[in-house]
Amino acid sequence: MPAAPFCRAALVGVMIALAAPAHGQTMFMDDDDSWYWPGCPIELTDHRIRQVIANEGFSNIYLNVRNDDRIQVRATQGDWVYLLDVDTCTGEIMYGQRLRPAS
């Protein structure tokens, strides 16, 4: 019987640990009573960002600068080199600018 308080304390500790949000961020409740984290709790890896951009038809993909939840990417599509701003949470291309003809 003396192990029961220890087991109860361990169970409570595990429940608290599982309820804690990732990266120590606070969760918020939306208007439709669904929970969400503000910002991006998990960013895509560099490899995954390259895969997403390649799936959009780009090649020769080079990652430049990460800023907040975005990254600059230089990539070739067809006969042109582009500078892209990519969302690091979703991989979505937010903005693209044609730089120069590819050689």
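The condition (being in contact (Cβ under 8 Å) with a residue 24 or more places away in the chain, of a type outside the set (D, E) and open to solvent by less than 90 Å² (accessible area, probe 1.4 Å)) is satisfied by just one residue among I53, I42, I71: I53. Pick from the range 74-94 the residues that are crowded, with 17+ Cβ neighbours inside 10 Å and small (G, A, S): which of them is farthest from P41 (Cα to Cα)? Among residues in the range 74-94 that are crowded, with 17+ Cβ neighbours inside 10 Å and small (G, A, S), the one farthest from P41 (Cα to Cα) is A75.
The values are calculated or read from the model by the stated rules, or taken from the named source; none is laboratory data. As the structure is a prediction and not an experimental result, all values here were calculated from the model. Because the Cβ atoms are built from the backbone with ideal geometry, glycine has one as well, and the counts that use them run over all protein chains shown. Surface accessibility is based on the protein's heavy atoms, side chains included, excluding ligands, DNA and RNA. Shrake-Rupley method; radii C 1.70, N 1.55, O 1.52, S 1.80 Å.
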